[in-house]
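Working notes for the structure below.
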Amino acid sequence: MGAATAWRLAERGVSVIGVDQFAPPHPLGSTHGLTRLFRVACLEHPALAGYALAARELFRELEARTGRRILTETGGVFVGAPDSQVVAGSREAARAAGIDVEVIDADELRRRYPQQAGVLDTDVAVLDPNAGVADPEQYLSAALEAATAAGARLVTGTRVRSVDVDKDGVTVTTGAGRLRARQAVVTAGAWLDTLVPSLPLDPIRSPLTWFAPRQGEGFGIADYPVFIRQLPDSTIVWSHGAREGEDVKVGLGDIGVDHPRIRADELDRGVSPAETAELSAVVSRVLPGLDPTPSRVQPCMITRTPDGQFLLGRVGPRLVVGGGDSGHAFKHAPAIGEVLARAVLDEEQVLRTDFVDPLRFGAP
């Protein structure tokens, strides 16, 4: 969010200083791990389809400017009962965005994608041709390159300790001194609650997990697109095909799942077998062409909000926030940067923002 906001503001000629406690891209927050799913038919909220379409245009603009490959469109297959959240939510989002999706029955799903086991006769699948995978680290590098090319100054390896607002501006206190600005945009990820503690945020652990295909099982990215599947017990499992030199990335959806709250500074960077046991059991049931023992795991964090939607916008005359990724924000990152840039400049929003208003839970 921060990289995109710096880019979109600097493009408008705004004087921008970006501060990061690390040196992005890095594996210490929520934007790493080789790939992220990209979808236009977003089951989480119908209005997010507009964000995804805007993000796709900006991803392509960054690719053209920097020569980096960010987005690979593979298509997406969203599976479950007709009234399940995955299927019904995806269809509603597609209708809201005016995009065409195909709906196929269980027999056709089995024929096209035999990698998926245990498909029920009552299951259907929504096929979104716009879905794919995005490379988070290539995106971050491209956005930061575009921001600096437009005049933004980036300060890395410097921790922000506080953001203090007064009637004349904002004082940002860092480990290296103080910065003074007319306005501040805080997009600190899992650390956002330490700088704006009044926001209703819950950082949680959410390890990233890969599984090796058994020989000849057809899990390359050309054969096996983005999948999100809701099982009869409401478990949501997502996956996508392996890019060259990689294994298959698989995870469980976090919607409605309880996780203990963590402090980002105290994240245990190890991942125990117990943390991946449930996922391994699901892989054995529905993706038997994969070895159910993870070939790779990597710690990651998600920052939740009470309703699972982002916090994007102004919380005071001189303070704008972007956060609460809730496990589904990356695909929208450049569009979110545009929303935050417009908030800073009090420009009219093109995308719908009421459902991501950071004040919807009350004044901070």
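All of the numbers you see were taken from the coordinates with simple rules; none came from a lab. All figures in this text were calculated on a predicted structure; none of them were measured in a lab. Positions of Cβ are backbone-derived with ideal geometry, glycine not excepted, and every protein chain shown enters the neighbour counts.
Measure nothing fancy, just the Cα-based angle from helix 48-66's long axis to the longest principal axis of the chain, in degrees from 0 to 90, nearest 10. Approximately 70 degrees, to the nearest 10. Highest mean first, the peptides 346-353, 222-229, 119-126 sorted by other C-beta atoms within 10 Å per residue fall in the order 222-229, 119-126, 346-353. Between residue 153 and residue 198, the modelled labels are 3.0 nm apart [label points 7 Å from Cα along Cα→Cβ]. Using only side-chain charges placed at the Cβ, +1 for Lys and Arg and -1 for Asp and Glu, the dipole size of region 86-236 relative to its Cα centre rounds to 900 debye.
For residue 345 and residue 99 in the same chain, what is the full-extension length gain: residue separation times 0.36 nm, less their Cα-Cα distance, in nm? It would help to have the intermediate numbers written out before the result.
Details: separation 246, 0.36 × 246 = 88.56 nm, distance 3.12 nm.
So the extension gain works out to 85.4 nm.
Ordering of 243-251, 206-214 by packing is 206-214, 243-251, highest average first (other Cβ atoms within 10 Å, averaged per residue). Every helix of 4 or more DSSP H residues in the chain counts as -39500 (n - 2.57), and over all residues that averages to -8000 deg cm²/dmol at 222 nm.
Given 0.36 nm per residue, what is the gain on full extension from residue 120 to residue 178 after removing their alpha carbon distance, in nm? Walk me through the numbers on the way to the answer.
Values: separation 58, 0.36 × 58 = 20.88 nm, distance 5.98 nm.
Using 0.36 nm per residue and subtracting the Cα-Cα distance, I get 14.9 nm.
As a proxy for reagent exposure, 35, 158 were ordered by neighbouring Cβ count within 10 angstrom, fewest first; the result is 158, 35.
Helix 273-286 and the long axis of the chain differ in direction by around 40°, with both axes built from C-alpha atoms.
What FRET efficiency would be calculated for the residue pair residue 354, residue 233, taking the C-beta separation as r and a Förster radius of 30 Å, to the nearest 0.05?
Details: r = 33 Å, r/R0 = 1.11.
E(calc), rounded to 0.05, equals 0.35.
Would you mind checking the tilt of helix 85-97 against the longest principal axis of the Cα atoms of the chain, expressed as 0 to 90 degrees and rounded to 10? Taking Cα atoms only, the helix is inclined about 60 degrees.
In whole Å, what three semi-axes, largest first, describe the equivalent ellipsoid of the chain built from its Cα gyration tensor (square root of 5 times each eigenvalue)? Intermediate results must be reported in sequence, preceding the final value.
Values: eigenvalues 250, 90, 75 Å².
The answer is 35, 21, 19 Å, longest axis first.
Each peptide in 271-278, 56-63 gets a packing score, the mean of other Cβ atoms within 10 Å over its residues, and the list from highest to lowest is 56-63, 271-278.
Take the Cα of residue 111, step 7 Å toward its Cβ, do the same at residue 284, and the gap between the two points is 3.3 nm. Once both labels are positioned 7 Å from their Cα atoms along Cα-to-Cβ, the gap between residue 223 and residue 161 label points is 5.7 nm. Rounded to the nearest 20, the Cβ-based charge dipole of the chain about its Cα centre (Lys and Arg +1, Asp and Glu -1) stands at 1120 debye.
Working out 0.36 nm times the residue gap between residue 266 and residue 92, then minus their Cα-Cα distance, what length gain in nm do you get to one decimal?
Values: separation 174, 0.36 × 174 = 62.64 nm, distance 3.93 nm.
Answer, rounded to one decimal: 58.7 nm.
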